[in-house]
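The values are calculated or read from the model by the stated rules, or taken from the named source; none is laboratory data. Not measured: the values here are computed from a predicted model. Positions of Cβ are generated from backbone atoms using ideal geometry, with glycine treated the same way; all protein chains shown enter the neighbour counts. The accessibility values were calculated without ligands, DNA or RNA, using every heavy atom of the protein model including side chains. Shrake-Rupley method; radii C 1.70, N 1.55, O 1.52, S 1.80 Å.
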Amino acid sequence: MKSHNLLFLAKVAILAVVYFSMARLGLLLSFVLGNNTLVWPPTGIALAALLLFGSHLWPGIALGAFLASVSTGVPLAVACGVSAGNTLEALIAVFLLRRVVRFQNALERLQDVFGLLGLAAGLSTMVSATIDVTSFCLGGTAPWDAYGLLWRIWWLGGAMSNLVVAPLILTWSSRLGGSRNLWRIAEAGALLASLVLVCLLVFGGWSRVALIHSPLDYAVFPFIIWAALRFSQREVITATFAVSAIALWGTAHGFGPFVRGTVPERLTLLYTFMSVTATTALVLAAIVTARKRMEEALRVARDDLEARVQERTAELSTSNTALQAEVTAREQAERALQHERDLLEVTLVSIGEAVIATDATAALTFLNPVAETLTGWPAREALGRNIAEIFHVIDEQTRQVVENPVEKALREGKGVGVANHTVLVARDDRETPVADSGAPIRDKSGQVQGAVMVFRDITESKHAEAALIQAKEVAEAADRTKSEFLATMSHELRTPLYVILGYTDVFLDGGVGSLSAEQVDILQRIDRNARVLFELISMLLDLNRLEAGRLPVEATEVRVADLLAEVRAETQGLCDQSGLACVWRVEEPLPALYTDPGKLKVVIKNLISNAVKFTKEGGMRVRAQAQREGVAISVTDTGIGIPAEAQAFIFESFRQVDSSTTRPYSGSGLGLYIVKRLLELLGGTIVVESEVGRGSTFRVWVPTVRGVGTS
Ligand code: ADP
């Protein structure tokens, strides 16, 4: 057999034994107390057992009831009827309680109390009374004429059991809350002791008053109410049970207020008292519990609310602090902004230039004192007006209206510069030459918010400019006079020199007879110095022409090899005289140049003459090669070299490395200056590389056609 079946059988058996024992106890008590059905605890036990452990244990009741009946000596059939009646009674009670009121064993709700009263105690016990009494009468164990009385006693006995015994078991079996401190236990003890004492006084025959059957039964109610108000269902039921037990015992022994009339009458009085007590106690306790629950729920809700209020208050205080901080920060920012604004305004007011600002519609928003003076408009009148009304500019020469820079800046969205020769016409028609500029004002997103214009009175600077122009014109006139003088002088100086050189040649060529060695030497000195003078004068003349712009470029097609051959021939004497090794290297193919051959020759000859002049020993080399879109011609010597710092100025006029009067080399300091200027005319370039004591290289580059390859 399965273990759960065994368990079931064990439970059934236990229930049967308990039922049987309680039935026997009831019978015994009835016997002792003198009436058959005065007490019937099994009904309440059966109901509590099925409610606690399940309806399927009904066979235990059936068996217990059957055996208890048989044990009283009734026929088997009657025992079967009684067993059926008692079993059905319990099953119906459980069924109705569960179905109708969804019964809970703790009996804390009013619906449970009323269910127990109406359905279990009132209704289900009628089934048992009917079946049991009918079985007795049918089986001949009781006479039919006692049916009504028996039925009533049977029914009341069962009802009392369900009202007093069943709740006692049920409440003591449920888990109940509530504190269990010493004071509570002491109070419970005091309650029970007082109650028992009162019961004994009223029902137990301890008082003389009670002995004469005065209706003192109501004396127990304060204690029942005390229990209901202060304790839970369990204590209330226990108190009720104690009252019922003592009342029952006292009545059975002829004490107390219910000992009057016949036994059934006494029973009716007693049962009525017991049921009123039990009902009052249960209902009151349920109401008090419901109230306590409500209070508890209210307390929880209040606590919750309080917690929420506190939480919200904290939140509010936090956000209030944050808000406060924000307000402070904003105030600070505003103060800083105001300070900046004030500073800006002070700056704009103190500035020497006139400043006008407008909004995006060109309406005036700001005008500083300088602008007020120049326009003739005081700020208080000008603000809000359109810029065109305030700032009226015309062209100095044409007298035409010039577009306002603010309008232009607003339209184009970018800064506009100064329009030349503009005159501001003030409100009183005063005219002031001005230089102005305007720019759009943008916000952080780049949106144009307005424009600002800065302008100033340029009367002074115009005067200064005019004075400068005049001075320049004077200087230019003086320069022209100087050039003319130089040209005349040079021309006049060259003519006698030609004569001197010509006659010297005649003498040296023996045209006037043979000369002594001393005479030849003197003549040669005259010749040399005359030539130096001639060259100097020629250079001065060239320079003069250059500066006067009277040295036009006469370009023709030039073959560099031919040109260099000519230069070589012309400088051959110089080279021979110096005793230097002169090397010429022309690296063909060279492109033909379209340039001024005369000027190019002057350039190269100048460089050669310098090379020879500043070289004691070693040699001089001229080299030509194609380079970029032109020809590169370099003149290299092994002479004294040029210090690095001097390389920067030797191309300036009248500049020499050694310009002292005791310098060993002749020269005017004009040669390289002229070379540079001539190359500029030809579109060429010149650079120098030199090292002191090792020699110098001048590199000239001439384009095939002026303007090419210069980059
Ligand atoms: P100068 O008539 O004095 O030669 P230049 O203008 O031709 O005038 O030259 C200016 C100066 O540059 C010279 O005085 C000299 O100091 C320096 N110089 C020019 N060419 C050479 C060179 N080949 N070697 C050394 N120094 C040179």
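Separation of segment 516-592 and segment 110-137, taken as the distance between their Cα centroids, equals 158 angstrom.
Here segment 391-434 and segment 624-677 have alpha carbon centers that stand 53 Å from each other. Across all C-alpha atoms in segment 398-532, the radius of gyration and Dmax reach 34.9, 101 Å.
Diffusion of segment 506-636 by Stokes-Einstein, at 20 °C in a medium of 1.002 mPa s and with Rh set to the Kirkwood radius over alpha-carbon pairs, works out to 125 µm²/s. Set the Cα radius of gyration of segment 348-389 against 2.2 N^0.38 Å, with N its number of residues, and you get 1.03. For the pair Ala565 and Glu689, a Förster radius of 35 Å applied to the C-beta separation gives a FRET efficiency near 0.85, rounded to the nearest 0.05. Could you state the number of Å between the C-alpha centres of segment 286-337 and segment 482-508? Going from one Cα centre to the other spans 116 Å. Taking only protein heavy atoms and a 1.4 Å probe, the accessible area of the chain is 61% carbon and sulfur. Potential lengthening of the chain between Asp304 and Glu396 amounts to 24.4 nm, from the contour at 0.36 nm per residue minus the alpha-carbon distance. Counting only whole DSSP H helices of the chain, the ones at least 27 Å long by C-alpha along their axis and with mean Kyte-Doolittle hydropathy no lower than 0.5 are 3-33, 76-101, 182-202, 233-252. The calculated pair-distance distribution of segment 320-478 uses every alpha carbon pair, bins of 5 angstrom beginning at 0, and gives 2, 9, 14, 17, 16, 12, 8, 7, 5, 4, 3, 2, 1, 1, 0, 0, 0, 0 percent. Mean sequence separation of contacting Cα pairs (under 8 Å, at least six apart), scaled by the length of segment 506-624, corresponds to a relative contact order of 27 percent. For the chain, the Kirkwood hydrodynamic radius from C-alpha pairs, put into Stokes-Einstein at 4 °C and a viscosity of 1.567 mPa s, yields a diffusion coefficient of 32 µm² per second.
Eigen-decomposition of the gyration tensor built on the alpha-carbon atoms of segment 543-613 gives equivalent ellipsoid semi-axes of 24, 19, 8 angstrom, largest listed first. For segment 65-166, the solvent-accessible area of protein heavy atoms averages 40 Å² per residue (probe radius 1.4 Å; ligands and nucleic acids excluded). The mean sequence distance of close C-alpha pairs (under 8 Å, at least 6 residues apart), as a share of the length of the chain, puts its relative contact order at 6 percent. Give Lys482/Lys601; Lys414/Lys462; Lys482/Lys613; Lys613/Lys676 a once-over and call out the pairs whose C-alpha atoms are over 22 Å from each other. Check vs 22 Å cut-off fails for Lys482/Lys601; Lys414/Lys462; Lys482/Lys613.
Computed from point charges on the beta carbon alone (+1 for Lys and Arg, -1 for Asp and Glu), the dipole magnitude for the chain about its Cα centre is near 5700 Debye.
Modelled spin labels at Leu493 and Gln519, positioned 7 Å past Cα toward Cβ, are 3.1 nm from each other.
Equivalent-ellipsoid semi-axes for segment 579-681 (Cα gyration tensor, √(5λ), whole Å, largest first): 25, 18, 11. Compactness of segment 80-163 is given as radius of gyration and Dmax, 13.9, 44 Å, from Cα positions.
Put a dot 7 Å past the Cα of Ser55, heading toward its Cβ, do the same for Ala322, and the two dots end up 6.2 nm apart. For segment 257-354, the convex hull drawn through the C-alpha positions has a volume of 103 cubic angstrom per residue.
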